[in-house]
Amino acid sequence: MMTERAPVDPHPLTSKEMATRVAVDIPEGWYVNLGIGIPTLIADQMPSDREVIFHSENGILGMGPVPRPELVDPWLINAGKQHITLRAGGSFFHHAESFAMIRGGHLDLSVLGAFEVAENGDVANWATLEKDTALGVGGAMDLATGAKRLWIVMEHTTKDGRPRLVRRCSYPLTALGTVKRVYTNLAVLEVVPQGFAVTEMIPGMTLDSLQSRTEAKLVPPS
Amino acid sequence: MINKFVSSVAEALEGIADGSVVLVGGFGEVGQPLALIDGLIEQGARELILVHNNAGVGQLGLARLLALGRVRKVICSFPRSSGSIVFQQLYKERKVELELVPQGTLAERIRAAGAGIAGFYTATAAGTQLGERKETREFDGRSCVLETALRGDVALVEAWSADRWGNLNYKESGRNFNPVMATAAKLTVVQAQHMVELGQMDPEGIVTPGIFVNRVVHIPNGIPTVP
């Protein structure tokens, strides 16, 4: 008697696997800013033979990996206040010039984390709903608005299972209509005029199952 | 003979009045003019409006200036770095005002002040909470908000090298807001790690020409540390 083959159980991607997935899509020659959190992990997932130039808001192009402790240069930190290195060809510049690169559309890509992304490309990633706490925005609005394209990498749902891909954001907005693509631990989605178009799902994931974890209506792969 | 070097921090900070708008350079622990901040604590000016990327961490430096009740308002992009305990507490008790500005807009408002530009339109923050109550105008179909120049009464800057004309350069990520702020205040005060002879700096490598600088004090500060 033939046994029916059990469907593959979907294994949501880890943070590192999400970073690896994003790295695949970044071509040689792009100037890229990586936000704090999962986006930061992308740099280490780039193949060493692909030249991608990383930008840091505090005035660095050509940012390299975190050094071994004995090689730390105390004057060299990134926007996440981590000690980093500078690649050959790297440069330093002041804050206004750094954000001219961002605002002026010179960066090919900004990758940010988010609380929510809406089907119209709105993104919310800076303000929590805490009371009596001073909020911080940093460079999030500049990056979400200014780069040539904005990709978001985030978990598909919150820890308690609420969807993060929504019809309209409930958190305060970072930028309006600028998200081009979202990488989650379950899928890759493009923001198109009809909403979120699913371009990729992890093995074992079905469109119905993904839809049940998504508030916005998904556009099936064509 | 022009000599912008002064012999002490106290001399460098002489005349800073109560209510001054104080631009303070630095990002993270790098490029912060720590000796000048300590000097400002000593100097005693009150009701200050502090412009800096953050709002102080730990208990020393800017956090101490805040804790002493000397700051009326903070204009910054990110007041919630880990360790911004003093500011968060004062904010909660409504003892300090906050004007939250996107980081690039903060840098550009300061740059505009130094360049004599009264204001500019940017898409950053348009349609968001931080763009509320700001004049909005469409450019090429894109909604933009009007941002105005942010001028300091005083700028406190940390440089790597300085000569007696006040020419400056910076070290690595210690540049950050420093050269922008140096252009944007009525009184620009610099602490420099190295004092060099006139002519020793490579003219191609001078980041802040001395025209922007009023006073320099030589502080061989050692490596950047969290205050």
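The values are calculated or read from the model by the stated rules, or taken from the named source; none is laboratory data. Predicted model only: the values in this text are computed from it and were never measured. Quick reminder, even Gly has a Cβ in these numbers, built from the backbone with ideal geometry, and neighbours come from all protein chains shown.
Condition check ((1) surrounded by fewer than 24 Cβ atoms within 10 Å (Cβ to Cβ); (2) at pLDDT 95 or above; (3) more than 25 Å from B:A113 (Cα to Cα); (4) among the polar types (S, T, N, Q)) across all residues:
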| site | (1), (2), (3), (4) |
| --- | --- |
| B:Q43 | yes, yes, yes, yes |
| B:E47 | yes, yes, no, no |
| B:L60 | yes, no, yes, no |
| B:L68 | yes, yes, yes, no |
| B:R80 | yes, no, yes, no |
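Hey, any hits in the range B:168-184 for a residue that's more than 12 Å from chain A (Cβ to nearest Cβ) and either under 27 Å from A:L76 (Cβ atoms) or not in a loop (DSSP other than H, G, I, E, B) (or both)? For the range B:168-184, residues more than 12 Å from chain A (Cβ to nearest Cβ) and either under 27 Å from A:L76 (Cβ atoms) or not in a loop (DSSP other than H, G, I, E, B) (or both): absent. Residue count for the range A:169-222 under the criterion of being touching a Lys or Arg at 6+ places or on another chain (Cβ under 7 Å) and without any contact (Cβ under 8 Å) to a residue 12 or more places away in the chain: the result is 1. Of all the residues in the range A:91-118, those that are more than 9 Å from chain B (Cβ to nearest Cβ) and part of a strand (DSSP E or B) number 8. Among the numbered conditions (1) away from chain A (no Cβ under 12 Å); (2) free of Cβ contacts under 8 Å to residues at least 24 places away in the same chain, the only one that B:G141 does not meet is (1). Of the residues that sit in the range A:157-177 and are surrounded by 20 or more Cβ atoms within 10 Å (Cβ to Cβ) and closer than 18 Å to A:M141 by Cα, which one is farthest from the other protein chains (Cβ to nearest Cβ)? Ranking the qualifying residues of the range A:157-177, first place goes to A:C169. Mind checking which residues of the range B:207-227 are within 13 Å of chain A (Cβ to nearest Cβ) and in a loop (DSSP other than H, G, I, E, B)? B:V207, B:N221, B:G222, B:I223, B:P224, B:T225, B:V226 - these are the residues of the range B:207-227 that are within 13 Å of chain A (Cβ to nearest Cβ) and in a loop (DSSP other than H, G, I, E, B). Of the residues making up the range A:73-85, at least one is farther than 23 Å from B:H52 by Cα, part of a strand (DSSP E or B), within 14 Å of chain B (Cβ to nearest Cβ) and among the polar types (S, T, N, Q).
Just one of the listed residues (A:K131, A:K148) is touching a residue at least 40 places away in the same chain (Cβ under 8 Å), surrounded by fewer than 24 Cβ atoms within 10 Å (Cβ to Cβ), within 14 Å of another protein chain (Cβ to nearest Cβ) and not β-branched (V, I, T), namely A:K148.
Counting only residues that are under 18 Å from B:G174 (Cα atoms), assigned to a loop (DSSP other than H, G, I, E, B) and either at pLDDT 95 or above or out of contact with any Ser or Thr (no Cβ under 8 Å at 6 or more places or on another chain) (or both), the range A:44-67 holds 3 of them. Need pairs with beta-carbon distance below 8 Å; first residue under 26 Å from B:R133 (Cβ atoms) and within the range B:79-100, second of a type in the set (S, T, Y); sequence gap 6+ or separate chains. Once the first residue is under 26 Å from B:R133 (Cβ atoms) and sits in the range B:79-100, its partners that are of a type in the set (S, T, Y) give B:P79/B:Y91; B:R80/A:T133; B:Q88/A:T133; B:Y91/A:T133; B:K92/A:T133; B:L98/B:Y91; B:L100/B:S77. Just to verify a result, which residue in the range A:51-72, among those that are hydrophobic (A, V, I, L, M, F, W, C) and closer than 16 Å to A:V32 by Cα, is farthest from the other protein chains (Cβ to nearest Cβ)? Ranking the qualifying residues of the range A:51-72, first place goes to A:V52. For the range B:31-134, the helices (runs of 4 or more DSSP H) that sit wholly inside it and include 3 or more residues that are within 12 Å of chain A (Cβ to nearest Cβ) are B:85-92, B:103-115.
Inspect all residues belonging to the range A:46-54 and state whether any of them is hydroxyl-bearing (S, T, Y) and within 25 Å of A:T174 (Cα to Cα). No. In the range B:158-175, the residues that are under 9 Å from B:V216 (Cβ atoms) form Cβ pairs under 7 Å with partners that are of a type in the set (F, W, Y), at six or more places apart or across chains, as follows: B:A159/B:Y170; B:R164/B:F5. Residue-level check: of (1) at positive phi; (2) without any contact (Cβ under 8 Å) to a residue 12 or more places away in the chain, A:G29 misses just (2).
If you scan the range A:127-152, which residues turn out to be assigned to a helix (DSSP H, G or I) and polar (S, T, N, Q)? Passing the criteria: only A:T145.
Given the residues B:A155, B:A125, which is the only one that is at positive phi and surrounded by 15 or more Cβ atoms within 10 Å (Cβ to Cβ)? Exactly one of B:A155, B:A125 is at positive phi and surrounded by 15 or more Cβ atoms within 10 Å (Cβ to Cβ), namely B:A125. Residues in the range B:186-201: is at least one of a type outside the set (F, W, Y), within 14 Å of another protein chain (Cβ to nearest Cβ), surrounded by 24 or more Cβ atoms within 10 Å (Cβ to Cβ) and in contact (Cβ under 8 Å) with a residue 60 or more places away in the chain? Checking the range B:186-201: not a single residue is of a type outside the set (F, W, Y), within 14 Å of another protein chain (Cβ to nearest Cβ), surrounded by 24 or more Cβ atoms within 10 Å (Cβ to Cβ) and in contact (Cβ under 8 Å) with a residue 60 or more places away in the chain. Checked against (1) loosely packed, with under 15 Cβ neighbours inside 10 Å; (2) part of a loop (DSSP other than H, G, I, E, B), A:A88 meets all criteria but (2).
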